[in-house]
Amino acid sequence: MQAVCRIRQPFVETYSVGIANIIIDCLISHSSYLASNMSILASNPEYSTAKPAYEHCFLHCSDAKKALNSAAAGLNNGVYDFAQLSLRESAIDQSACRYEFMSSKNMAYVPENVEFDLKVFDVLSEAAYMIIGKLAVIN
(Lines give C-alpha, C1' and ligand atoms only; values in the text may rest on other atoms or scores of the structure.)
Protein backbone atom coordinates (compact mmCIF):
# COMPACT_ATOMS: atom_id res chain seq x y z
CA MET A 1 0.00 0.00 0.00
CA GLN A 2 1.22 3.46 -0.86
CA ALA A 3 1.13 6.39 1.55
CA VAL A 4 -1.14 9.20 0.47
CA CYS A 5 -0.44 12.73 1.57
CA ARG A 6 -3.51 14.94 1.66
CA ILE A 7 -2.73 18.63 1.72
CA ARG A 8 -5.48 21.11 2.31
CA GLN A 9 -6.57 22.73 -0.94
CA PRO A 10 -6.33 26.37 0.28
CA PHE A 11 -2.71 25.73 1.28
CA VAL A 12 -1.83 24.32 -2.14
CA GLU A 13 -3.72 27.08 -3.93
CA THR A 14 -2.06 29.87 -1.95
CA TYR A 15 1.46 28.61 -2.59
CA SER A 16 0.77 27.77 -6.23
CA VAL A 17 -0.60 31.25 -6.87
CA GLY A 18 2.46 32.74 -5.17
CA ILE A 19 4.88 30.68 -7.24
CA ALA A 20 3.00 31.44 -10.46
CA ASN A 21 3.08 35.16 -9.59
CA ILE A 22 6.85 35.03 -9.11
CA ILE A 23 7.25 33.34 -12.49
CA ILE A 24 4.94 35.84 -14.21
CA ASP A 25 6.90 38.72 -12.63
CA CYS A 26 10.08 37.21 -14.11
CA LEU A 27 8.36 36.90 -17.49
CA ILE A 28 7.26 40.55 -17.35
CA SER A 29 10.85 41.52 -16.55
CA HIS A 30 12.15 39.43 -19.46
CA SER A 31 9.63 41.02 -21.83
CA SER A 32 10.72 44.50 -20.79
CA TYR A 33 14.38 43.56 -21.15
CA LEU A 34 13.81 42.04 -24.58
CA ALA A 35 11.78 45.03 -25.75
CA SER A 36 14.55 47.36 -24.60
CA ASN A 37 17.19 45.30 -26.42
CA MET A 38 15.10 45.26 -29.59
CA SER A 39 14.77 49.04 -29.45
CA ILE A 40 18.54 49.42 -29.02
CA LEU A 41 19.27 47.01 -31.87
CA ALA A 42 16.77 48.74 -34.16
CA SER A 43 18.47 52.09 -33.61
CA ASN A 44 21.96 50.71 -34.29
CA PRO A 45 23.06 51.71 -37.83
CA GLU A 46 25.21 48.57 -38.01
CA TYR A 47 22.03 46.47 -38.12
CA SER A 48 19.95 48.73 -40.38
CA THR A 49 19.02 45.89 -42.74
CA ALA A 50 17.38 44.04 -39.85
CA LYS A 51 15.68 47.13 -38.42
CA PRO A 52 12.15 45.99 -39.39
CA ALA A 53 12.67 42.66 -37.60
CA TYR A 54 13.84 44.42 -34.44
CA GLU A 55 10.96 46.88 -34.58
CA HIS A 56 8.37 44.11 -35.01
CA CYS A 57 9.97 42.13 -32.21
CA PHE A 58 9.81 45.19 -29.97
CA LEU A 59 6.05 45.35 -30.61
CA HIS A 60 5.63 41.63 -29.94
CA CYS A 61 7.52 41.94 -26.64
CA SER A 62 5.33 44.88 -25.64
CA ASP A 63 2.20 42.88 -26.48
CA ALA A 64 3.54 39.93 -24.48
CA LYS A 65 4.03 42.20 -21.47
CA LYS A 66 0.41 43.41 -21.71
CA ALA A 67 -0.81 39.81 -21.88
CA LEU A 68 1.34 38.91 -18.87
CA ASN A 69 -0.15 41.76 -16.86
CA SER A 70 -3.58 40.37 -17.73
CA ALA A 71 -2.44 36.90 -16.69
CA ALA A 72 -1.27 38.25 -13.33
CA ALA A 73 -4.60 40.01 -12.79
CA GLY A 74 -6.53 36.83 -13.64
CA LEU A 75 -4.33 34.78 -11.35
CA ASN A 76 -4.75 37.17 -8.42
CA ASN A 77 -8.53 37.28 -8.96
CA GLY A 78 -8.80 33.49 -9.08
CA VAL A 79 -9.84 33.44 -12.74
CA TYR A 80 -7.34 30.76 -13.68
CA ASP A 81 -8.72 29.96 -17.15
CA PHE A 82 -8.31 33.63 -18.12
CA ALA A 83 -4.81 33.70 -16.61
CA GLN A 84 -3.86 30.63 -18.61
CA LEU A 85 -5.30 32.09 -21.81
CA SER A 86 -3.40 35.35 -21.28
CA LEU A 87 -0.21 33.43 -20.60
CA ARG A 88 -0.68 31.54 -23.85
CA GLU A 89 -1.21 34.84 -25.66
CA SER A 90 2.11 36.15 -24.31
CA ALA A 91 3.89 32.99 -25.47
CA ILE A 92 2.44 33.45 -28.96
CA ASP A 93 3.70 37.04 -29.01
CA GLN A 94 7.19 35.92 -28.01
CA SER A 95 7.10 33.19 -30.65
CA ALA A 96 6.21 35.81 -33.23
CA CYS A 97 9.28 37.73 -32.09
CA ARG A 98 11.48 34.67 -32.57
CA TYR A 99 9.92 34.10 -36.00
CA GLU A 100 11.06 37.58 -37.05
CA PHE A 101 14.63 36.32 -36.79
CA MET A 102 14.08 32.89 -38.26
CA SER A 103 12.27 34.01 -41.39
CA SER A 104 14.52 33.94 -44.42
CA LYS A 105 13.89 37.56 -45.38
CA ASN A 106 14.94 38.93 -41.99
CA MET A 107 18.03 36.91 -41.16
CA ALA A 108 18.83 39.34 -38.38
CA TYR A 109 21.66 39.24 -35.93
CA VAL A 110 20.46 38.20 -32.49
CA PRO A 111 22.94 38.67 -29.62
CA GLU A 112 23.49 35.59 -27.46
CA ASN A 113 21.98 37.22 -24.38
CA VAL A 114 18.78 38.02 -26.27
CA GLU A 115 18.56 34.52 -27.70
CA PHE A 116 19.10 33.14 -24.20
CA ASP A 117 16.32 35.34 -22.80
CA LEU A 118 13.94 34.15 -25.51
CA LYS A 119 14.66 30.57 -24.42
CA VAL A 120 14.27 31.45 -20.73
CA PHE A 121 10.92 33.03 -21.57
CA ASP A 122 9.79 29.74 -23.13
CA VAL A 123 10.83 27.68 -20.09
CA LEU A 124 9.26 30.07 -17.58
CA SER A 125 6.06 30.27 -19.62
CA GLU A 126 5.77 26.49 -19.63
CA ALA A 127 6.26 26.34 -15.86
CA ALA A 128 3.66 29.04 -15.16
CA TYR A 129 1.24 27.46 -17.63
CA MET A 130 1.46 24.09 -15.87
CA ILE A 131 0.96 25.60 -12.41
CA ILE A 132 -2.03 27.69 -13.49
CA GLY A 133 -3.45 24.70 -15.36
CA LYS A 134 -3.39 22.67 -12.14
CA LEU A 135 -5.06 25.53 -10.28
CA ALA A 136 -7.81 25.58 -12.89
CA VAL A 137 -8.38 21.85 -12.36
CA ILE A 138 -8.59 21.95 -8.55
CA ASN A 139 -11.07 24.83 -8.54
*Tally, over the stretch 16-41, of residues that are without any contact (Cβ under 8 Å) to a residue 40 or more places away in the chain, over 16 Å from Y129 (Cα atoms) and surrounded by fewer than 19 Cβ atoms within 10 Å (Cβ to Cβ)*: 5
*asked:* Checking the structure you have, find out if any residue of the stretch 51-59 is out of contact with any Gly (no Cβ under 7 Å at 6 or more places or on another chain), modelled with pLDDT under 90, assigned to a helix (DSSP H, G or I) and open to solvent by 90 Å² or more (accessible area, probe 1.4 Å).
replied: no
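Does E46 satisfy the condition of being modelled with pLDDT under 95 and among the charged types (D, E, K, R)? Working first, answer last.
Numbers: modelled with pLDDT under 95: yes; among the charged types (D, E, K, R): yes.
Answer is yes for this residue.
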*Here are A96, A127, A71, A136: which of them is crowded, with 19+ Cβ neighbours inside 10 Å and touching a residue at least 24 places away in the same chain (Cβ under 8 Å)?*
A71
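The values are calculated or read from the model by the stated rules, or taken from the named source; none is laboratory data. None of these values were measured; they are calculated from a predicted model. Using ideal geometry, Cβ is built from the backbone for each residue, glycine included, and neighbour counts are taken over all protein chains shown. Ligands, DNA and RNA are excluded from the accessible area calculation, which covers all protein heavy atoms including side chains. Shrake-Rupley method; radii C 1.70, N 1.55, O 1.52, S 1.80 Å.
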